[in-house]
Amino acid sequence: MGNAVVVGAGVSGLLAAEVLARRFERVTVVERDEFAEGAAAFRGGVPQSRHVHVLWSRGLAALDALLPGVVTDLEGAGAVVIEAPEQMRWLSPAQWFTGVPGTHFLSASREVLESTLRRRIAERSTITFLARHEMTGLVAGQGDRAVRGVRLRERGRDGREITVDAGLVVVATGRSSRAADWLQRLGYPTPATDRFDAHLGYSSRYYRRPAAEGRWKAMYVQGNPDVPRGGVIVPIEGGRWLVTLIGQGEHQPPVEEKDWLAFASSLRSDELSEALADAEPLTDAVAFRATANEWTHFERAKRWPRGFLVIGDALCRFNPVYGHGMTVAALQAQVLAEQIAVREPVEIAARAREMQKAVAKCPQAAWAIATGEDSRYPGTDGPKPGTFGRMQQDYMARVVAAANTDPVVSEAFFAVLSLNRRPETLLAPRIALRATRRRT
Ligand SMILES: Cc1cc2nc3c(=O)[nH]c(=O)nc-3n(C[C@H](O)[C@H](O)[C@H](O)COP(=O)(O)OP(=O)(O)OC[C@H]3O[C@@H](n4cnc5c(N)ncnc54)[C@H](O)[C@@H]3O)c2cc1C
């Protein structure tokens, strides 16, 4: 059958739809929310969009390869590309980064990012959007050995139920995905989920960006195990700053006006609160608390139905503080493009299990970074690092400290953080020598 259904119109779903439209006659993107026509607007289905979202250079390159010219579109919509750490004030868990090279990232509101992608993708006449429809289950085919469509409930009005047939169903329903339940209802075992929860809380609000350009474009004051509180200022479209305060465990950042600046003043540096003291807030703060790293291992399933795939946060979600989710989504879309190239839709559906394994490789590096760092914090729920894990953490602390001032280590560190290179490249002798000869 020549049609595919993608469920969820977040970054993962949109990019998957773009890729699938290259091989399928029709692609339907199902989304439970309404879209504000053409505009960048908040949607309840993406509550995280009110918090800082940066797209690392690797993700940006992947996006531009998938949708040539999209970075120019984004910049036209007010997104800002920032050299990090050169154009920033960035206090690492050790010291400030000073005069060292790194990489770049794109800063924009998540709404602008998504609406720009949506506009580009909607240009394809074979992609249609079915908004205000919530997926409630899968439709089984071939004695439950295949998925042949989705069950949907129309939101509002009478809650009408419909089914949509599809040769391939791609679930990209984000952090709160029910993909494992849907699979289980088809008679498949529930996949195991690995979980590390550092109990990190976000609290964010918008400010008017001060007219005078300062010495920096963005600021990041990181916490560390001694002071697990941090804050980020990034420029976004509309002449605004998006400011996120971050805290772990009992250090949850407040949303109340009276406590906001006090929390900002309690970070490891006063620079962030001083910057905010002179700026005009445009909104109240909002909180986001469900930030655990969770990987549902669909790729390990012994049995897997034809015509079914799970991607994006529905597959693996990270502590957002490392900024990796959207880059991994873009990498998965690239892998999907490779997997389906020169194949017919029927063959693509038959290879669903291989494709699930292939896309599940994309989160590996981001997962290693996020869980390795998070398990440094004693309050993190999840497997504790063994001797080797603690050695790795000690080594990484030295790498970060060296990266603060050593250009060679800094370049290597940011190449890994932006997912351009594998984490193990930091073990190269020229990095190890520079990192370990310093005192941390
Ligand atoms: C606080 C926070 C900050 C973040 N910061 C960053 C960052 O700086 N950089 C970065 O790269 N990533 C960041 N992320 C991660 C990023 O938001 C996601 O990884 C990325 O957007 C990919 O998500 P997704 O498309 O898989 O899911 P989402 O973006 O969550 O989209 C899922 C979509 O599915 C829809 N949906 C859900 N259920 C159904 C259903 N049953 N039927 C129909 N539709 C449904 C939802 O309405 C939504 O539109 C952050 C995440 C959080 C929580």
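The values are calculated or read from the model by the stated rules, or taken from the named source; none is laboratory data. Source: prediction; values computed, not measured. For neighbour counting, all protein chains shown are included, and Cβ atoms are generated from backbone atoms with ideal geometry for every residue, glycine included. We work out accessible area using only protein heavy atoms, side chains counted, and drop any ligands, DNA or RNA first. Shrake-Rupley method; radii C 1.70, N 1.55, O 1.52, S 1.80 Å.
Look through region 369-392, keep the residues that are in a loop (DSSP other than H, G, I, E, B) and in contact (Cβ under 8 Å) with a residue 60 or more places away in the chain, and return whichever of them is least open to solvent (accessible area, probe 1.4 Å). By that ranking, first place goes to Thr380. Tell me yes or no: at least one residue of region 147-169 is of a type outside the set (Val, Ile, Thr) and closer than 30 Å to Pro378 by Cα. Within region 147-169, not a single residue is of a type outside the set (Val, Ile, Thr) and closer than 30 Å to Pro378 by Cα.
Among the candidates Glu34, Glu75, single out the residue that is over 23 Å from Ser107 (Cβ atoms) and open to solvent by 60 Å² or more (accessible area, probe 1.4 Å). When all the criteria are applied, what remains is Glu34. The lone criterion from (1) under 24 Å from Asp73 (Cα atoms); (2) within 12 Å of the ligand (Cβ to nearest atom); (3) at pLDDT 95 or above left unmet by Arg43 is number (3).
Would you confirm whether any residue within region 57-79 is part of a strand (DSSP E or B) and modelled with pLDDT of 95 or more? Before the answer, list the steps.
Here is the first cut: in region 57-79, the ones part of a strand (DSSP E or B) are none.
No - not one qualifying residue is present in region 57-79.
Can you spot a residue in region 340-362 that is in contact (Cβ under 8 Å) with a residue 60 or more places away in the chain, open to solvent by less than 50 Å² (accessible area, probe 1.4 Å) and touching an Asp or Glu at 6+ places or on another chain (Cβ under 7 Å)? Yes, region 340-362 has at least one match.
Residue-wise test of (1) within 23 Å of the chain's Cα centre (by Cα); (2) in a helix (DSSP H, G or I); (3) within 16 Å of the ligand (Cβ to nearest atom).
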site: Pro235; (1), (2), (3): yes, no, yes
site: Trp241; (1), (2), (3): yes, no, yes
site: Phe263; (1), (2), (3): no, yes, no
site: Arg268; (1), (2), (3): no, no, no
site: Ala275; (1), (2), (3): no, yes, no
site: Asp284; (1), (2), (3): no, no, no
site: Asp313; (1), (2), (3): yes, yes, yes
site: Leu336; (1), (2), (3): yes, yes, yes
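Conditions (1) touching a Lys or Arg at 6+ places or on another chain (Cβ under 9 Å); (2) away from the ligand (no atom under 15 Å from the Cβ), marked per residue:
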| site | (1), (2) |
| --- | --- |
| Ile340 | yes, yes |
| Pro345 | yes, yes |
| Ala350 | yes, yes |
| Met355 | no, yes |
| Cys362 | no, no |
| Thr371 | no, yes |
| Thr387 | no, yes |
| Val400 | no, yes |
| Val416 | yes, yes |
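Looking at region 398-408, is at least one residue among the acidic types (Asp, Glu) and either at pLDDT below 95 or in a helix (DSSP H, G or I) (or both)? Checking region 398-408: not a single residue is among the acidic types (Asp, Glu) and either at pLDDT below 95 or in a helix (DSSP H, G or I) (or both).
Of the set (1) closer than 26 Å to Pro47 by Cα; (2) among the polar types (S, T, N, Q); (3) out of contact with any Lys or Arg (no Cβ under 6 Å at 6 or more places or on another chain), all apply to Gln184 but (1). Out of (1) part of a loop (DSSP other than H, G, I, E, B); (2) more than 9 Å from the ligand (Cβ to nearest atom); (3) surrounded by fewer than 21 Cβ atoms within 10 Å (Cβ to Cβ), what's the single condition that is false for Phe24? All conditions are met except number (3).
Per this entry, Asp284 is counted among residues that are touching a strand residue (DSSP E or B) at 6+ places or on another chain (Cβ under 8 Å), among the acidic types (Asp, Glu) and touching a residue at least 24 places away in the same chain (Cβ under 8 Å). Residues in region 297-311 that are assigned to a strand (DSSP E or B) and open to solvent by 10 Å² or more (accessible area, probe 1.4 Å): Arg306 only. Among the criteria (1) closer than 26 Å to Phe413 by Cα; (2) basic (Lys, Arg); (3) away from the ligand (no atom under 16 Å from the Cβ), the one Arg110 does not fulfil is (3). What tally of residues in region 113-134 results from selecting those that are more than 22 Å from the chain's Cα centre (by Cα) and open to solvent by less than 20 Å² (accessible area, probe 1.4 Å)? Counting residues in region 113-134 that are more than 22 Å from the chain's Cα centre (by Cα) and open to solvent by less than 20 Å² (accessible area, probe 1.4 Å) gives 2. Do you know which of the residues in region 87-112 that are of a type outside the set (Phe, Trp, Tyr) and part of a strand (DSSP E or B) is surrounded by the fewest Cβ atoms within 10 Å (Cβ to Cβ)? Among them, the one singled out is His104.
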